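A.B. asks: The structure's right below; bear with me while I get my questions together.
The values are calculated or read from the model by the stated rules, or taken from the named source; none is laboratory data. Every value quoted in this text rests on a predicted model; they were computed, and no experiment measured them. Here the Cβ positions follow ideal geometry from the backbone for every residue, glycine too, while neighbour counts run over all protein chains shown. Accessible surface areas use protein heavy atoms only, side chains included; no ligands, DNA or RNA. Shrake-Rupley method; radii C 1.70, N 1.55, O 1.52, S 1.80 Å.
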Amino acid sequence: MTALAGLAVVGSSAWAKPVAKADVIRLGMIGTGARGAGLATLIQKMPGIELVACCDNIPEHLQKGMSLAKKGAKAYTDYRKLLDDKSIDAVIIATPLYLHYPMAVAALQAGKHVYLEKSMTYDIPQAIDLVKKVRESNLIFQVGYQYRYYGLYHRVKEVIDQNWLGKITHFECQYNRNSNWRFPVSDPKLERAINWRMHREYCGGPLSELCAHEIDVVNFMLNAHPTKVVGLGGINYWKDGRDTFDNIRTVYDYPNGVKASVTSVLSNAYNGYSIRILGDKATVEILRDKAFIYAESTNNAKGTVDGVTGATLAVTTQGKGVELKFGEPGEEKLEPTTYALQDFFSCIKTKKQPISNVETGRDGSISIHMGNAAADTETVQFWKPEYAA
Amino acid sequence: MCRMQVKRLKKVTLWRLGSLLTMLFGFTQFQQLTELKPFQLTGLAQGTTYAITYYSQREIIQKPQIDSIFSRLDQSLSIYSPTSLISRFNQSATGVETDMHLRQVVQKSLAIFNETAGVFDITVHPLVNAWGFGTEKVTTLPDSATIKSLLACVGSEKLRLNQNWLRKTVPCTRIDVNGIAQGYSVDVIANYLEKHGIRNYMVEVGGEIRVKGRKYPQNTPMSIGIETPTKNEFESASIQTVIEVNQGAVTTSGNYRKYRQVGPNRISHIINPKTGYTSQNELISVTVMAHDAIIADGYDNALLAMGLSQALAFLKHHQNLDAYFIYQKSNGAITDTATAGFYKFMR
Ligand SMILES: NC(=O)c1ccc[n+]([C@@H]2O[C@H](COP(=O)([O-])OP(=O)(O)OC[C@H]3O[C@@H](n4cnc5c(N)ncnc54)[C@H](O)[C@@H]3O)[C@@H](O)[C@H]2O)c1
């Protein structure tokens, strides 16, 4: 950061206020594919943040990134060159999963604050090592799990804390789609670079790329990590040369017997993204940008009386879901990632570690790898004490 | 079964005629009651649910009859329908010619307005809207200037009911009978059942109840549960207390289901028609027993708005009403109390 010490503490609404020129955060983006371009678009609207460098090795993607960057920004094809630029304060890394660890380590070594897209690392040893590296660095390190910053999830956590759901025993998470999950390739040479999600060499398949968010949400809601996991997966529908699963179902066990099923199916899109939290008093169903509560109709004595008098019940509250309102009335609803980025920049200024940090990121990544290992080996995978040193 | 009846007939011919007649008379009356069966009608109306149970030897009333009563009531009293009579009154500058439903509801409402010194007031509608409990969606809270300007339209003294005409003295006056229309609807349906010779029934619309007689074939009193207040709008309530009533109406008004959350504040749906602001007191819910549901329903809101001590004082002078209160003590604990008359009905 080109800013000086003794800076006023900036709240979460930081970017609403103009920031003095000297306080500008100079940012580099490594990986300007779909996600990187999306992030760059959001950053364009954020005062005090300048995207001054982009790096990608697919020319069209690099061009796209540059078109969203500040005028005069530098373009790179080698991320190490970008990291050599001393005027850059922070980097966003939005590359395929297998590159997350080497790029993040190099960025920390270059003294940059890091916003690393989810999921954090390709394997368990990298996750554990990255925690060490961040702790040694004194730099801000955030992992791209934006739902931790989204009012919808805060509201769900709040009603859980207020015991609206009663005793929570299960989570049911699914991240489904009905497509081959491939992106068009202009030049056959780029096939693997673009459709890296099809190959284990580059990522963990649906669990690391889709369900990662939901696993992180469960960890967040329970303030815990799983203790063990079972799972089954396969390539049974899209037999197109991929070697990552096209369907996987895992069950994670958390403290006190709470279980979370985490599923991804690439041949059905009904309620594509959904997390159901089952309590003995009610269920919450979280969808993309909404959540509903469904009350259990057990604990009442209605069966034993002939009629019930009470304040008028609206029809919608009987048996059907009630939408969980969040945010202030009339408040503009922003893309969840906006809140995550705002907080990253605010953490850089206030020198606080973010809510979605290297430890929560490690727990997410280890959970993902345990789930894939369970499906690969068809054996129970246990959380090992050395994971959370 | 046929054969048995023939046998019995043969037997009875041996009996003396006098004793036969007395026996037969008593027997058939008893038999008629034990032959009563429950018939149940349930559905959706007035934005809520209804449930009717009547005891009869055969089916006398069917759902379409009930639904057409509701639709007549809506045409008259629903502020959600822009073409209803009440909506036309609200849109008009001077007033409308009423029908039976609107006349009766307004008449009772004005009586309760007077009786409660203005605590119950059907002209509060513009304020209800401004506070976000009405037909219009609002995202902000009204400021004092808005409230002041709306107060100029509020006050039932601005209404005149003369025979078939309901007039207003100020064009902006609007009425909202939602606080009493459900009770009235319960009465209309109960009267309809009685007109069809039904003597044992329970009519419930959105938690407002009128009951008469007993239930069969058990031949026991009907029981009514009073809901425990819930913390939030979706939680299914359990029963706090059970009462048994042979005849009359029971309605409940609660502060627990209707509120707006604005930031950290819960905005109560009870609006003081005199100040224009929402009011909050220790009462969580009030259950009222009266002869008619319209009376019970009209007073439950008023009592809820009065607060506990004023409500109890009011009930001392209104022996036709009994009430049960659930409230929050100053130490935060939730407790209940009732008028002496009410306790007699508790099971
Ligand atoms: N948080 C979210 O909701 C979210 C959403 C989508 C993607 N993501 C994550 O973002 C990351 C990227 O996903 P995507 O959808 O943008 O994929 P993508 O394939 O569209 O983009 C990845 C980009 O990285 C570039 N790249 C690859 N190797 C590189 C290298 N050595 N140097 C520089 N650039 C290189 C590629 O050319 C490509 O442009 C993944 O980790 C993914 O999980 C997160």
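A.B. asks: So, in region B:30-44, of the ones that are more than 11 Å from every other protein chain (Cβ to nearest Cβ) and at pLDDT 90 or above, which residue ends up farthest from residue B:215 (Cα to Cα)?
C.D. replies: So, considering only residues that are more than 11 Å from every other protein chain (Cβ to nearest Cβ) and at pLDDT 90 or above, the one farthest from residue B:215 (Cα to Cα) is B:42.
A.B. asks: Could you please tell me which pairs satisfy a Cβ distance under 7 Å, a separation of 6+ or placement on different chains, a first residue in region A:57-80 that is over 10 Å from residue A:28 (Cα atoms), and a second residue that is more than 8 Å from the ligand (Cβ to nearest atom) and open to solvent by 80 Å² or more (accessible area, probe 1.4 Å)?
C.D. replies: Listed pairs, sorted by first residue: A:68/A:44.
A.B. asks: Could you tell me which numbered condition residue A:240 fails, if it satisfies all but one of (1) within 16 Å of the ligand (Cβ to nearest atom); (2) open to solvent by 20 Å² or more (accessible area, probe 1.4 Å)?
C.D. replies: Among (1) within 16 Å of the ligand (Cβ to nearest atom); (2) open to solvent by 20 Å² or more (accessible area, probe 1.4 Å), residue A:240 violates only (1).
A.B. asks: Give the residue that is nearest to the chain's Cα centre (by Cα), with candidates limited to residues of region B:86-101 that are of a type in the set (A, V, I, L, M, F, W, C) and buried (at least 20 other Cβ atoms within 10 Å of the Cβ).
C.D. replies: So, considering only residues that are of a type in the set (A, V, I, L, M, F, W, C) and buried (at least 20 other Cβ atoms within 10 Å of the Cβ), the one nearest to the chain's Cα centre (by Cα) is B:86.
A.B. asks: Just to be sure before I move on: is residue B:47 open to solvent by 10 Å² or more (accessible area, probe 1.4 Å), away from every other protein chain (no Cβ under 14 Å) and modelled with pLDDT under 95 in the structure I sent?
C.D. replies: It is false that residue B:47 is open to solvent by 10 Å² or more (accessible area, probe 1.4 Å), away from every other protein chain (no Cβ under 14 Å) and modelled with pLDDT under 95.
A.B. asks: To continue, here is another question. Find all pairs meeting these conditions: Cβ atoms under 7 angstrom apart; at least six residues apart or on different chains; first residue within region B:320-347 and without any contact (Cβ under 8 Å) to a residue 24 or more places away in the chain; second residue open to solvent by 80 Å² or more (accessible area, probe 1.4 Å).
C.D. replies: Within 7 Å, the pairs are B:335/B:329.
A.B. asks: So, residue A:42, is that one more than 9 Å from the ligand (Cβ to nearest atom), in a strand (DSSP E or B) and farther than 25 Å from residue A:189 by Cα or not?
C.D. replies: When the stated conditions are applied, residue A:42 does not pass them.
A.B. asks: Right, something else. Scan A:3, A:34 and give me the residue that is modelled with pLDDT of 95 or more and closer than 25 Å to residue A:81 by Cα.
C.D. replies: One residue alone meets the criteria, A:34.
A.B. asks: Among the residues of region A:243-264, write down those that are open to solvent by less than 10 Å² (accessible area, probe 1.4 Å) and under 30 Å from residue A:168 (Cβ atoms).
C.D. replies: Result: A:248, A:250, A:252, A:254, A:260, A:262, A:264.
A.B. asks: May I pose another question? Considering region A:25-36 alone, what residues qualify as being open to solvent by less than 10 Å² (accessible area, probe 1.4 Å) and either aliphatic (A, V, I, L, M) or near the ligand (Cβ under 9 Å from one of its atoms) (or both)?
C.D. replies: Answer for region A:25-36, where residues must be open to solvent by less than 10 Å² (accessible area, probe 1.4 Å) and either aliphatic (A, V, I, L, M) or near the ligand (Cβ under 9 Å from one of its atoms) (or both): A:25, A:27, A:29, A:30, A:31, A:32, A:36.
A.B. asks: Looking at region A:158-173 only, could you name the residues that are at pLDDT 95 or above and either under 21 Å from residue A:341 (Cα atoms) or in contact with a helix residue (DSSP H, G or I) (Cβ under 8 Å, 6 or more places away or on another chain) (or both)?
C.D. replies: A:168, A:169, A:171, A:173, listed by residue number.
A.B. asks: Would it be correct to say that residue A:371 is more than 16 Å from residue A:253 (Cβ to Cβ) and assigned to a helix (DSSP H, G or I)? Quick ask: steps written out before the conclusion?
C.D. replies: Working: more than 16 Å from residue A:253 (Cβ to Cβ): no; assigned to a helix (DSSP H, G or I): yes.
Against the criterion (more than 16 Å from residue A:253 (Cβ to Cβ) and assigned to a helix (DSSP H, G or I)), residue A:371 does not qualify.
A.B. asks: Inside region A:233-277, can you point out the residues that are at positive phi and within 20 Å of the chain's Cα centre (by Cα)?
C.D. replies: A:271
A.B. asks: Among the helices (runs of 4 or more DSSP H) contained in region A:47-149, which hold 3 or more residues that are more than 15 Å from the ligand (Cβ to nearest atom) and within 22 Å of the chain's Cα centre (by Cα)?
C.D. replies: A:124-137
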